[in-house]
Structure formats: structure tokens, C-alpha cells
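Below is one structure; the comments refer to it alone.
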Amino acid sequence: MRWIHKYKNVITALSGLLIVLAFIANKAGYSITKEVALITATVIASLPIFLKALQALRLKAFSIELLVTIAVIGALYIGEYVESAVVTFLFLFGAYLEGRTLEKTRSSLKKLTDMAPQEATVIRQGEIMSIGIKEVVVGDRVIIRPGGKVPVDGKVITGHANLNESAVTGESVPAHKQIGDQVFSGTIVDDGYIEISAEKVGDDTTFAKIIELVEEAQESKSKTQRFLDQFANIYTPSVIVLSILVFLITNNLLLAVTFLVVACPGALVIGAPVSNVSGIGNGAKQGVLVKGGEVMDQFSKVDTIVFDKTGTLTKGKAEVTDVHPFTNEDPDELLRLVAEVEKVSEHHLGQTIVKEAKQRNLDISNDPNQVEVVKGNGLQAQVEGHYLVIGNRQLMNQQDLFISEEIDNYATRREREGNTAIFFAINNEIKGIISIADQIRKDAVEALAELRANGIKKMVMLTGDNQHTAQLVAEQLGLDEYHAELLPEEKVEFVQNLKRKGHVVGMAGDGINDAPAIASAHIGLAMGEGGTDISMETADVVLMADRLKQFAHAYALSKATIRNMKQNMYFAVGIVFVLLIGVLTGYIHLASGMFIHEASVLIVILNAMRLLKFRPQQRKEFNIKNQPAYT
Amino acid sequence: MKKAVFQLEPLTCPSCIKKIESTLGKTSGVHSTKVLFNSSKVRVEFEENQVGVQQIEGVINKLGYPVTSKKVS
């Protein structure tokens, strides 16, 4: 039995040839040859259909094959050999073409899964061995040679290399990785050599999660799809009832069965999902994970975008531009004390200060105690017998620390120049200010212009940073609104306010500290280099490569996907009515009906396939130099 | 309760989804069935003391969808 399914394509081709032969024989006047050819074609092409119908029937399942089988037997009975041959051929050929085209729409997912690594080279007990990917455990020391695939997520412990991370980020420019850097399963070592310590294995790797997410997303249904499902639920039984009616009225079994076969809502059922699959597939290829049809739908309606500043509009990799003391003390010594306290801080500004101290080769080995973090403002702690308060202006005011005119002027000047000014007081006296500056992302201006061109009406920036820095960024990027010095919960409040006013809000942040705001927006977007677990869970759209251009692409893509889905829907509904009316009025017969039916299914698939190649129109290059801080 | 994922040959007709889901749904010991149409996978949750993986695979095969690989967890 299996061989029939196996040779289905051969059978299809053979029956097609026989039909051609029959037509030639007919022209030449050999009517017996014609009949024999047609009957043979019918019989061989019926085999796989008949078999499938039988298999389903044995398990008491109803199938479209059963309908076709009934129709073919009916046609043979009344001697309509042309009909029977053409119908069976079209049914098989249609399925073949649909399979081929569907494969194309699914190709992006297939390409992704094909990139999954299969084996790993590990060192265990001093021995180098090659093992299957499933046998790698956390803590294994894994070797990756040039051209090799990183098998699991982990940290580099020896060596350095350039890695192609396109499987995870969609970005094809290689990234340089050295000791301490995170590498992801599925990425490829371009040149260099690294040994890594396995941290996440099996289904826990970022790559495995991406695949699972995309698979889930492609299955999940959009509103349009659910509407179509409901439609099909009413439609299918009513067609059956109608066909029984047709039979009772006309007493014509063939017409009734034709009606049933032709009315099968193929294009209707496949039209919306296939657009979704293509759209999501296109996104995945570009490093944009869209979590399902519903998200596509909602995203395409977004008219207001709220951006977090740091890490979203700017690179988020701030640098210390100045350590300015207000007394005669050594700036390095002051920085050293501040850095010792900031060691325990998880705030990115704190980490920047620690990094600067390390770069200046300062000894920051003493640990602080009695650390108290004032969320959104700074922190205070004891270190080496000194009491330090480090943070923004508000924190200094809260602690009743005196800000002299000199200090105030200096801070304001630094802020105007685009820095974040961090005050620090030692033993209740403000000793100096550390300036930190961040840079606007290179592609920000272009990406924002694209978003606006695609229909975003309002762009707002929210930041916990100071007023001056915020203003500079907002002006440079041409944002409609900005709000500075906000706490995380105030960002959430702001997003909810916009929602109440009737805006469809998209919130873009860097995933971790913006998670609450991202979760409260209609559509949450997370920028995550490589994607953190949190951002992949809370956000609706994940931008894997950390590029704003991906954002613009995702938005345009969502609009294109929904447009495509609507085209398919209107087309499919239209075709159903044409077919039904055609059959009832006698203009469409079994064979021609099958042809229109199969053709319509192919057309919706082909239409959806256009989405795979979708790319937003290239706009002229905007040049924004890497200048500091006009952030 | 166990979970099994069966990889099938590429699914082409959406009506296959209903066919597989409803037939497996009638099999005793099967808790839930989900057909992932686009990745051509069937995800089944089942009670291992009532029904075996082989049996579930058999049902899918008998319906006319050869199972190419499977993963049980």
C-alpha cells in the first residue's frame, strides 16, 4: 500500500499523459483508444485517493477523498469518462502543486531548523571526543573550530573568534567574541578558535526557543483566521444540507456530489494561515520574532509608539566622559571609591563607572556594606569607612545635601552637552560629578522616518534620564513628545494613559527594566541582543539583532501581512460563491469545478508567497555620525 | 502523563488536521492532540499506562500519514 503513496507523483504524471493521449486519439478518430486511455487514467489516479478515503473510513473519519471517490464512481457509472479522468488528475496534481508551494512558504522555518547543530566536540577527563548534541550537559567544556557550529549556549573560556550569528540575530556581519563573552547555539565560527563552557543545553538554548516560538507563532490564529474558521463551521454543514436538497429536488446524484466536491472551502481554509506563515517566516529570517497572527493583526493597527531611551534609541553602552572633582582631591581616588560602591549595582550607569575604574587600573577590591538602592535615583553605602551617596539631583535633594551654584552650573552644562551627570557625596559633602554619555543608534533617524512613512502618527520617548539629555535626543530624532526623569511605574502609567485615550500603543524597550511597560502596551517590543529570556517571554515582538531598522521592517511587514490576508479572504469567499452559483446554474461541471477549486487554492498560496520576499522600500540614506551624546 | 511529538511528511491539506485530531482524540489514554500544520508535527499528550507510543504512531500511520521521526519526553 505504501508504494502507492510513494509513487503518487509518477501516477499523477502518468494519468496526465494518458489524458493527453486520449485527446490526441479523439482528434485522430480512434474513439476506442480514447475511452481506454481515459478509463485507465481514472483507475490509476483513483488508487491513491481511494486508498486514503478507505484508510480514513476504517477509522471512522470523514475525508474529502471520500467525496471525490463517490463523485468519480458516479461519473464512471453514467459514462462521463472525461470528467472522471480529469477530476482525479486535477485532484492529485493540485495536491502536488500545493505541497510544493506550501513548502516554499514554510521554507524560512525549515531553513532555521536545518541550522540546528547535530553534534559537539567536548573535552571530558582531558580527552577530546565527539558526541551527539543531546549528550552535552551543563558545564561541559566544548571546542569549536573554524567553520564549526556552536552546539550549545555558553561563555567563552579560551580563545577568540569571529562568529556569524545570523541564525539567532538575522545579522550577517560577524561578531567578535572573546573570553567571557556569551555565544549562542546555532551560530557559526567564521575564523578563530574558542572553547566554551556549556550553560544552556538541549531545549533551553536561545536557538531552540526561537524555533519553538516561531513554530507556535505560525500555528496561532489571528482574528481573521478565527472568523474564517467560524465561517467554515457554518458553511460546511450548510453545504451538505444544500447538496441533499439539490439531490431531492433534481434527483441528479452527480450534480449533488459535484456540488459537494466543488464547494469544499479549500482556499478559504488555507488563505489566512498561509499569509501568516509567510509573514512570520519573513520576520524570523530577518531576526524579527512576531508571536503569532493575533500580534501581526494588532501590530498593524499601532499608531503610537513609546520608546525607552537608553538601550533602545541609544546604544545603551554608555561611557564615562569626565570625572570632575569640586575639591583638590585626585579624580582617580574619587572614582575608585565610587566604583567600589557601584560594584554591587545592577544599573547600567553603575556598571559603566566600574568599567571605567577597571580601565584606569584602579584597585576596587574592597566591598561596600549597608548598601541601600534608591530605585531610579541611585544608591548609598559604606566603604572603607566613608559614607557615600551616589545618584541624580533628586537623590541629593532627598538627602539634604547642599548643591552649590558652582556644582549646579557645572551639572547643567554637562547635561546640556548630552551627558548624564552623576553626583557623588562622600561623608555628606558633594565631592564631584561623573559624566556619562550614550550614543544614538546609527540607524535611529532612518528607522523612525520609515515608521512614520508607514503610518505611525505619534512617537514618544520616556526615560529615567535627565531633562537636558532627553531633550537633546528628542530634538535630534524629531520625536513628538518626551518625558524625562520617570520611574519604571510612571512609564507604565503613561502607556496606560495613552491606551485610555484610544491610541493603539506599541512600547519598545530593552526588555529587562522596561518589562512592565512592555507588558502593559498593546504591542510590546523588546530589543535584545541575542534575546534575553525575559524579553522573549513578555514581549510580543522580539528584535533579535538590536537594530531599529528591524523595528521598521517588522511594522511594515505586519501591515503587508494583514493586507495579504485580506486579499486572500476576499478572493476565497468570492470564488466559493462563483463555484456554487456556477454548479447550480449548470455552467460549471465536475472537472471545471475541480480546476477552479484547485487553481484558487494555488492562487492564495502564491499570493502569500510574495510576503517571503517582502522588503520595505529603501529610503535614501540619512547620515548620522557617531557623535557623542547629542543623545 | 507523557508528551510525544511526531514528525510527519509535509502536510498539505488543512482537512488533515481535523482528521488526525479527531481520530486520535477518540483513542483512549490520549489527553490532547495538536497538529502543527505548518511544521507538519503532531503533539500528543497521553497516559503511558493506557496507551503506548507505538499505538499512537500506528493510528497516524493507518490514517495515511507516515511518521518520519518521533520524540518522546
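The table below lists the values:
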item: Residue satisfying condition, being within 14 Å of chain B (Cβ to nearest Cβ), at pLDDT 75 or above and under 13 Å from the mean Cα position of the chain (by Cα), within set A:GLY292, A:GLY271, A:GLY202, A:GLY287; result: A:GLY292
item: Hey, A:THR327 modelled with pLDDT of 90 or more and of a type in the set (Ser, Thr, Tyr) or not; result: no
item: Residue, surrounded by the fewest Cβ atoms within 10 Å (Cβ to Cβ), within the range B:13-39, restricted to residues that are within 23 Å of A:PHE93 (Cα to Cα) and within 8 Å of chain A (Cβ to nearest Cβ); result: B:PRO14
item: Subset tally (residues that are more than 9 Å from chain B (Cβ to nearest Cβ) and either touching a Pro at 6+ places or on another chain (Cβ under 9 Å) or among the β-branched types (Val, Ile, Thr) (or both)) for the range A:45-64; result: 1
item: So A:ILE562, is it in contact with a helix residue (DSSP H, G or I) (Cβ under 7 Å, 6 or more places away or on another chain), farther than 26 Å from A:GLU212 by Cα, part of a helix (DSSP H, G or I) and of a type in the set (Val, Ile, Thr); result: no
item: Residues satisfying the stated conditions in the range A:101-152, i.e. part of a loop (DSSP other than H, G, I, E, B) and within 14 Å of chain B (Cβ to nearest Cβ); result: A:ARG106, A:ALA116, A:GLN118
item: Residue check for A:LEU349: modelled with pLDDT of 85 or more and crowded, with 17+ Cβ neighbours inside 10 Å; result: no
item: Pick from the range A:191-204, criterion closer than 20 Å to A:ASN162 by Cα and free of Cβ contacts under 8 Å to residues at least 60 places away in the same chain, ranking: surrounded by the fewest Cβ atoms within 10 Å (Cβ to Cβ); result: A:ASP191
item: Residue ranges of strands (runs of 3 or more DSSP E) in the range A:405-515 with at least 2 members closer than 16 Å to A:VAL302 by Cβ; result: A:458-462, A:505-509
item: Matching option when the condition is exposed (fewer than 15 other Cβ atoms within 10 Å of the Cβ) and part of a strand (DSSP E or B), among A:GLN370, A:GLN380; result: A:GLN370
item: Some residue of the range A:47-69 being in contact (Cβ under 8 Å) with a residue 40 or more places away in the chain, assigned to a helix (DSSP H, G or I), under 18 Å from A:HIS589 (Cβ atoms) and under 45 Å from the mean Cα position of the chain (by Cα); result: yes
item: Of all residues in the range B:40-56 being more than 14 Å from every other protein chain (Cβ to nearest Cβ) and touching a residue at least 24 places away in the same chain (Cβ under 8 Å), the one that is surrounded by the most Cβ atoms within 10 Å (Cβ to Cβ); result: B:VAL44
item: Filtered residue count, the range A:165-190, keeping only those that are modelled with pLDDT of 80 or more, buried (at least 17 other Cβ atoms within 10 Å of the Cβ) and outside any loop (DSSP other than H, G, I, E, B); result: 5
item: Residue within the range A:74-93 that is over 22 Å from B:LEU63 (Cβ atoms), at pLDDT below 90, within 14 Å of chain B (Cβ to nearest Cβ) and assigned to a helix (DSSP H, G or I) present; result: yes
item: Residue match in the range A:288-309 (condition: in a helix (DSSP H, G or I), among the polar types (S, T, N, Q), outside the structural domain of A:VAL87 (by TED's automatic domain parsing) and out of contact with any Gly (no Cβ under 6 Å at 6 or more places or on another chain)); result: yes
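The values are calculated or read from the model by the stated rules, or taken from the named source; none is laboratory data. Here the structure is a predicted model, which means the values were calculated and not measured. We place every Cβ from the backbone using ideal geometry, glycine too, and count neighbours over all the protein chains shown.
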